[in-house]
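Note sheet for the following structure.
Derivation of every value follows stated rules applied to the coordinates shown; laboratory data play no part. Predicted, not measured: the structure shown is a model, and the values here were computed from it. Cβ: placed from backbone, ideal geometry, glycine included. Neighbour counts: every protein chain shown.
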Ligand SMILES: Cc1ncc(COP(=O)(O)O)c(C=O)c1O
């Protein structure tokens with residue numbers, strides 16, 4: 001007989017969630033994640049995946065995963081503290097080079113990389129100064145640091161960051177200070193002000209932890225991320241990233257100095273106490289993805305050509321794309337209902353999938369559908385999508 005308090009708790013939570021409608025239907029892919037894909041049994045144009053460089057279904061990556069399975073087997077079967085596969089070490093070397101760092105350490109996901117990367121770095125008496133719109137995994141990683149002073153600075157507001165740094169000088173003098181930020185913000189597609197952050201960090205004795213989830217493979221001429229974009233080599237102490245977006249496999253990593261990674265290998269609890277890491281197939285496919293990105297820098301160029309074109313045309317149709325500077329291009333429509341209607345109309349009537357977001361994920365009155373073009377979208381596909389947005393926008397009274 002299940003515990004009554006437990007059962008009531010779960011039933012109460014489910015009923016609250018259903019009433020609030022905060023857990024929408026998740027559409028089901030029944031084939032590869034390409035620009036066109038089968039979603040809930042219908043072939044649609046995908047305009048919201050994080051597959052920035054169009055690598056999710058690359059034949060060479062599929063083959064590399066198969067080769068790794070043939071050589072090493074289907075899964076892990078051991079924790080990395082007991083034995084580590086050579087392919088895992090090779091991937092970490094390759095990732096370190098990709099991030100212009102001395103070394104890197106992989107985790108099962110980007111989320112875990114943030115938990116496992118932040119937590120060991122901060123001790124009692126240290127200070128964390130965190131961006132207002134940081135990803136949930138950063139927030140959770142910071143929450144796990146005990147006895148640490150925590151401050152939040154307003155979104156992209158360098159004056160506020162400086163003010164916090166200035167007014168906490170005494171308190172901070174006893175320990176280290178970490179400024180932590182997303183590089184690209186996932187709801188608005190704007191970019192952190194890294195040069196100013198570096199200047200402030202140098203002036204006020206702090207170090208920088210940068211979450212490159214939406215920046216690696218996207219920013220910088222060759223897709224190496226924010227450090228390449230701002231030419232800030234050697235000025236960011238910790239770069240975190242995910243493999244599940246532009247690199248299109250799965251996993252997360254921390255990149256930095258030899259010493260940082262030496263320390264994390266011993267102090268990061270998800271590394272020490274979990275057997276769940278990138279299995280050989282993922283390592284094989286990821287190394288191939290990095291090789292393709294290096295070999296074909298034109299992918300990054302195509303991503304940006306598509307981004308500029310799509311954003312410009314959406315704006316000239318009269319859509320509000322907010323402050324986006326990257327391929328993450330929101331179409332802001334106001335109320336939650338409008339965003340749901342736009343997303344539904346585009347899927348049902350036009351065969352296009354874009355996801356709707358509303359409060360509490362974005363501020364009230366700023367509900368949106370979030371579009372993300374990738375390097376593989378053709379001009380014809382983008383033009384079709386723009387035509388569909390125009391029809392939908394007029395029909396629903398958005399433009
Ligand atoms: C900014 C940011 N950080 C971290 C993560 C977590 O990465 P992953 O999806 O690999 O767990 C995400 C992804 O959703 C993200 O957008």
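Of note:
- Region 337-391: Rg to Rh, with Rh as the Kirkwood radius over Cα pairs: 1.01
- Counted over the chain, the DSSP beta bridges are approximately 55% antiparallel.
- Here the convex hull built on the C-alpha positions of region 299-381 has a volume of 94 cubic angstrom per residue.
- Placing a label point 7 Å from the Cα of residue 320 along the Cα-to-Cβ direction, the residues of region 359-396 with a backbone N closer than 13 Å are 363-369.
- With contacts taken as Cα pairs under 8 Å at a separation of at least 6 residues, region 59-184 carries a relative contact order of 22 percent.
- Calculated FRET value between residue 301 and residue 67, using beta carbons and R₀ = 25 Å, to 0.05: 0.30
- Spatial separation of Cα centroids for region 1-41 and region 106-120, in angstrom: 26 Å
- Convex hull (Cα only) mean projected area of region 59-295, reported in nm² to one decimal: 12.1 nm²
- The share of alpha-carbon pairs in region 1-119 lying farther apart than 18 Å comes to 75%.
- Per residue, the average separation of C-alpha pairs within less than 8 Å and at least 6 apart gives the chain a relative contact order of 21 percent.
- Taken over region 178-235, the convex hull of the Cα atoms encloses 71 Å³ per residue.
- Computed over the chain, the range of Cα coordinates on each principal axis works out to 61, 60, 56 Å, biggest value leading.
- Values of log10 I(q)/I(0), in the order q = 0.18, 0.21, 0.22 Å⁻¹, for region 184-291 under a Debye, Cα-only, solvent-free model: -1.02, -1.26, -1.31
- Remark on region 83-133: hydrodynamic radius 13.1 angstrom, per the Kirkwood mean of 1/r across alpha carbon pairs.
- With helices as the sole contributors, the chain gives -13000 deg cm²/dmol at 222 nm; each DSSP H run of n ≥ 4 counts as -39500 (n - 2.57), and the sum is divided by every residue.
- Label-point separation, residue 233 to residue 27 (7 Å along Cα→Cβ), nm: 4.2 nm
- Region 256-399: equivalent-ellipsoid semi-axes (sqrt of 5 x gyration tensor eigenvalues, Cα, Å): 37, 21, 14
- Alpha-carbon centroid distance for the pair region 283-362 / region 219-266, whole angstrom: 23 Å
- DSSP bridge orientation in region 59-295 - percent antiparallel, rounded to nearest 5: 35 percent
- For region 260-399, the relative contact order works out to 23 percent when only alpha carbon pairs closer than 8 Å and six or more residues apart are counted.
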